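One structure below.
The values are calculated or read from the model by the stated rules, or taken from the named source; none is laboratory data. As the structure is a computational prediction, the values presented were derived from the model and not from experiment. So basically every Cβ, Gly included, is an ideal-geometry build from the backbone, and we count neighbours across all protein chains shown. Accessible surface is based on the protein model in full, side chains and every heavy atom, while ligands, DNA and RNA are left aside. Shrake-Rupley method; radii C 1.70, N 1.55, O 1.52, S 1.80 Å.
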Amino acid sequence: QVQLVESGGGLVQPGGSLRLSCAASGSIFSIPVMAWYRQAPGKQRDVVATITSSGKNYYVDSVKDRFTISRDNAKNTVYLQMNGLKPEDTAVYYCKAVWGSGISWGQGTQVTVSS
């Protein structure tokens, strides 16, 4: 089972940018789906963006045209570039790997958007 470690979170002002990284302990080349989720205080964990092994992307409407998901199979890392951040983007962001026999979650990284 692959282990995932997120990094790159922090405090940023509205309109700012952050790039989150999700480093895997093993190869992600054959993992069908990698995803970013987020969970705001008092709310459920929801999908933000996904990327397949062929590079096909999905974004939730609220982040389209602001966030970009990418994967570097050579570095076993998935990224989430977040631009134009808004206070409502404040949440703990989690990385998720999905394959035929199971799933794996990272521990999360806090993103706070505030002036």
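If you stretched the chain out fully between Asp46 and Trp105, how much longer would it get, using 0.36 nm times the residue separation minus the C-alpha to C-alpha distance?
This chain segment gains 19.9 nm when fully extended.
Using Cβ point charges alone (K and R +1, D and E -1), the dipole size of the chain about the Cα centre works out to roughly 80 debye. Within the accessible area of the chain, the carbon and sulfur atoms contribute 50%, probe 1.4 Å, all protein chains present.
Shown here is the pair-distance distribution of the chain: with all Cα-Cα distances grouped in 5 Å bins from zero up to the longest one, the shares run 2, 13, 25, 26, 19, 10, 5, 1, 0 percent. With all projection directions averaged, the alpha carbon convex hull of the stretch 59-115 covers 5.0 nm². Subtracting the Cα-Cα distance of Arg19 and Gln3 from their residue separation scaled by 0.36 nm leaves 3.8 nm.
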